[in-house]
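Taking it in order: structure first as structure tokens, then the write-up.
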Amino acid sequence: MAELITLARPYAKAAFDVAMVESGLEKWSKMLAILARVADHETVATMLSSPSLVAEQMAQSLIDVCGDEVDSKGQNFIHLLAENKRLKLLPEISSLFEILKANQEKSVDVEITTAFEISSEVADKLAKALRTRLQREINLATRVDQSLIGGAVIRAGDTVIDSSVRGKLSKLAESMNS
């Protein structure tokens with residue numbers, strides 16, 4: 001996995017730089033997300049790994065599937081990836097691009113998983129506290145997982161705050177077994 005990310009990083013950075021120059025972060029974000037989904041589809045993934053197709057054929061096939069969703073610079077990007085045999089990296093490139101975009105926009109996606117449904121008022125208070133702590137705009141998503149028993153697990157990028165009852169019981173069991 002780390003190898004794929006290492007290979008994808010320069011392409012994501014290049015796409016990000018182009019998007020910044022043309023003030024098209026959102027456009028590139030959507031375009032890369034579509035390309036990633038298409039490239040990740042079972043049939044297309046099989047086609048992209050076919051030794052019988054040359055780079056130009058693979059690139060053109062991908063462009064044809066995506067249609068008008070990919071502009072001329074996006075098509076050039078696809079051709080570049082095809083020439084370098086990197087079309088299979090599109091999901092990783094899209095993911096890395098989103099991280100670069102979020103850092104540029106000073107925003108972070110936060111997922112709060114609770115044992116029970118929380119009110120919008122509580123969610124707003126949590127978002128405000130996280131905005132202060134992380135010094136970023138918060139894109140909040142909530143989820144219910146009754147196996148947590150109580151409390152919450154907050155995921156913001158690489159940061160995980162586990163204050164669930166299940167998490168605390170696991171830590172207690174681990175310390176008792178040590």
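Here are some notes:
- Residue match in segment 22-44 (condition: part of a helix (DSSP H, G or I), acidic (Asp, Glu) and buried (at least 20 other Cβ atoms within 10 Å of the Cβ)): no
- Within segment 105-124, if we keep just the residues that are of a type outside the set (Val, Ile, Thr) and assigned to a loop (DSSP other than H, G, I, E, B), the residue that is surrounded by the most Cβ atoms within 10 Å (Cβ to Cβ) turns out to be ALA115.
- Output for segment 26-47, where each listed residue is closer than 15 Å to PHE77 by Cβ and either in contact with a His (Cβ under 6 Å, 6 or more places away or on another chain) or not polar (S, T, N, Q) (or both): LYS27, TRP28, LYS30, MET31, LEU32, ALA33, ILE34, LEU35, ALA36, VAL38, ALA39
- Take the conditions (1) among the aliphatic types (A, V, I, L, M); (2) at pLDDT 90 or above; (3) surrounded by 15 or more Cβ atoms within 10 Å (Cβ to Cβ); ALA141 misses just one of them, which is (3).
- Remark: pairs (first residue in segment 112-133, hydrophobic (A, V, I, L, M, F, W, C); second residue part of a helix (DSSP H, G or I) and at pLDDT 90 or above; Cβ separation under 6 Å; 6+ apart in sequence or on different chains) = ALA115/GLN146; ALA115/LEU148.
- From the options ALA55, ALA102, ALA59, ALA127, residue that is within 17 Å of the chain's Cα centre (by Cα) and surrounded by 12 or more Cβ atoms within 10 Å (Cβ to Cβ): ALA102
- Criterion (within 19 Å of the chain's Cα centre (by Cα) and either of a type in the set (Gly, Ala, Ser) or at negative phi (or both)) met by exactly one of ARG143, ARG133: ARG143
- Single match in ILE93, ILE78 (criterion: β-branched (Val, Ile, Thr), surrounded by 18 or more Cβ atoms within 10 Å (Cβ to Cβ), farther than 26 Å from GLY157 by Cβ and touching a Leu at 6+ places or on another chain (Cβ under 7 Å)): ILE78
One line per residue, one yes/no per condition, for (1) of a type outside the set (A, V, I, L, M); (2) surrounded by 12 or more Cβ atoms within 10 Å (Cβ to Cβ):
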{"position": "GLN135", "(1), (2)": "yes, no"}
{"position": "ASP145", "(1), (2)": "yes, yes"}
{"position": "ALA152", "(1), (2)": "no, yes"}
{"position": "THR159", "(1), (2)": "yes, yes"}
{"position": "MET176", "(1), (2)": "no, no"}
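The values are calculated or read from the model by the stated rules, or taken from the named source; none is laboratory data. Everything numeric in this text was worked out from a predicted model, so none of it was measured. Methodologically, a virtual Cβ is constructed for each residue, glycine included, from the backbone with ideal geometry; neighbour enumeration extends over all protein chains shown.
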